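Worksheet: one structure, shown below.
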Amino acid sequence: MSATVTYYYSLISPYAWFGHAAIRQVARECGATLVHRPIRIFKLFDANGGLPLGKRAPARQRYRLVELQRWRARRGLPLNLKPKFWPVDIALADRCLIALVEAGHDPSDYADAAFRALWANDQDLADPDVVAGLLAAQGVDAKRVMAQAAEDAVEVTYARNTADAIAADLPGLPGYVLNGEPFWGQDRIDDLRDALISGRAPFLVDPAPL
């Protein structure tokens, strides 16, 4: 039986963009199944101790820009350090990911295109026309997917995904969970790969407060 990796992310995260192709490659290489679980990142921050960018100390904000440049070079991916449409209300684009999953589609290529739209091409992911164009380019019925994305059931899934990420003890995104073991950050994908290849038991902790 193949392993299952639960993949928590939001299209608003540049680090999720950096890790997206890498986690897909690891899943293919290891024969693992990726379960896409878009979440509300700021709810996760509120619950598990993270801070939105604007509330971080100035030194941390500056250091983030250095790290983004390092990973942009390492991954060989385009990334605007200050995209035109950011911050952005990412809910529509994220909910379309959920709608694709619930319709039985693999949302990986749409996610890749949406990440690129925001982080490289200066497109507004809060604009329904932009999102519809990205969906149509994947060969799906954009109108139907967006209608489903607006349904209450998708919002319920969005909230449940977020609650599950909080329960998994992920401080931020992207997050990958294998057999209950959390891997936080795209810089932990190699660790996840090692765990998949070795088949080792998960490293877990007692959930009681320290």
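The values are calculated or read from the model by the stated rules, or taken from the named source; none is laboratory data. Since the model is a prediction, treat every value here as computed from it, not as a measurement. Reconstructed Cβ throughout: ideal geometry from the backbone, glycine too, with neighbour counts over all protein chains shown.
Miscellaneous remarks
- Which listed residue, of Ala132, Ala113, Ala126, is more than 18 Å from the chain's Cα centre (by Cα), surrounded by fewer than 23 Cβ atoms within 10 Å (Cβ to Cβ) and either part of a loop (DSSP other than H, G, I, E, B) or free of Cβ contacts under 8 Å to residues at least 40 places away in the same chain (or both): Ala132
- Residue that is surrounded by the fewest Cβ atoms within 10 Å (Cβ to Cβ), among those in region 155-186 that are closer than 20 Å to Thr33 by Cα and acidic (Asp, Glu): Asp164
- Cβ-Cβ contacts under 8 Å between residues 6 or more apart (or on different chains), taken from a first residue in region 23-40 that is more than 21 Å from Val156 (Cα to Cα) to a second residue that is at pLDDT below 95, are listed as Gly31/Ser2; Ala32/Ser2; Thr33/Ser2.
- Of all residues making up region 21-47, the number that are surrounded by fewer than 18 Cβ atoms within 10 Å (Cβ to Cβ) and in a loop (DSSP other than H, G, I, E, B): 1
- Among the residues of region 154-209, those identified as in a helix (DSSP H, G or I), of a type in the set (Gly, Ala, Ser) and in contact (Cβ under 8 Å) with a residue 12 or more places away in the chain are Ala159, Ala165, Ala195.
- Consider region 79-90 and keep the residues that are in contact (Cβ under 8 Å) with a residue 60 or more places away in the chain and buried (at least 18 other Cβ atoms within 10 Å of the Cβ). The one that is nearest to Ala132 (Cα to Cα) is Ile90.
- Flag if Phe18 is in a helix (DSSP H, G or I), on the phi < 0 side of the Ramachandran plot, under 17 Å from the mean Cα position of the chain (by Cα) and surrounded by fewer than 18 Cβ atoms within 10 Å (Cβ to Cβ): no
- Number of positions in region 51-85 that are in a loop (DSSP other than H, G, I, E, B) and among the basic types (Lys, Arg): 3
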